[in-house]
Amino acid sequence: MAASTSLRAGPIGEIVALGQSVWFDNIRRGLLTSGEFERMVREDGLSGVTSNPSIFEKAIVASTDYDEALTEARAGARDGEVPDPKSVYEGLAIGDLCQAADVLRPGYEETDAGDGYVSMEVAPDLAHDTAGTVAEARRLWAAVDRPNLMIKVPGTEEGIPAVRQLIAEGINVNITLLFSVLVYERVVDAYLAGL
């Protein structure tokens, strides 16, 4: 994202002025509904946001931001049934990520898709399931339906072929669990092969 004269002075403004992207490793509905997230993008130069189930769990448990949506989910369940926790989580997460993606979209367009992304992780229990990871990534990509979404795929033995397949399909991928140069090299090879 090009440095703007409206950006605040200080460490974040200096980082942005040097051409670095600043991503927020956190998301919470209150940041979105209050306008604080939009302010962070506009004034502080925030250019991306990443999420995972742990981030959303903390946001849901530590705030009242989601109380109304959770009450609605319980009310929408059939008599005596408990709503499916995964479906409830995904509904909340996808709603927040769509809103964040929309706020970041101008930066995505201004940088010709070089920045302005939101990131959502495939279910952690799919880390060793190539076909499951690909199917989950496709489903999440369709559900969010924003070009500035990145699907987090683990850099596991089974995640590497998923990276190749998803890149080949035009799905943006963000690699997680990348802890060695060897795995990094394999991810690069998968990315290039996917292209």
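General observations
- Listed values for region 103-118 are Karplus-derived 3J(HN,Hα) couplings in whole Hz (6.51 cos²θ - 1.76 cosθ + 1.60, θ = phi - 60°), namely 5, 7, 4, x, x, 4, 6, 5, 9, 6, 6, x, 7, x, 9, 10, and x replaces Gly and Pro.
- Under Karplus coefficients 6.51, -1.76 and 1.60, residue-wise ³J(HN,Hα) of region 131-147 in Hz, glycine/proline x: 4, x, 5, 4, 5, 5, 4, 4, 5, 5, 4, 5, 5, 6, 6, 10, x
- Unit Cα scatterers, Debye sum, the chain: log10 I(q)/I(0) for q = 0.10, 0.14 Å⁻¹: -0.46, -0.87
- Fraction of accessible area attributable to carbon and sulfur, the chain (%, probe 1.4 Å): 53
- Interchain or long-range residues, amide H under 5 Å from N172's placed H: I151
- Cα centre as origin, Lys/Arg/Asp/Glu Cβ charges: region 118-192 dipole, Debye: 220
- Dipole in debye (nearest 20) - region 23-110, about Cα centre, beta carbon charges: Lys, Arg +1; Asp, Glu -1: 120
- Within the listed set T33, T156, T50, the residue fluctuating most in the Gaussian network model of the chain (springs between alpha-carbon atoms under 10 angstrom) is T33.
- Rg and Dmax over the alpha-carbon atoms of region 112-195 stand at 11.7, 34 Å.
- Net dipole in debye of region 51-166 [+1 Lys, Arg Cβ; -1 Asp, Glu Cβ; about Cα centre; nearest 20]: 220
- Quarter of the Cα convex hull surface for region 13-86, i.e. its orientation-mean projected area (nm²): 5.9
The values are calculated or read from the model by the stated rules, or taken from the named source; none is laboratory data. Not measured: the values here are computed from a predicted model. Virtual Cβ from ideal backbone geometry, glycine too; neighbours counted across all protein chains shown. Ligands, DNA and RNA are stripped out before the accessible areas are found, and what is left, the full protein with its side chains, is counted by its heavy atoms. Shrake-Rupley method; radii C 1.70, N 1.55, O 1.52, S 1.80 Å.
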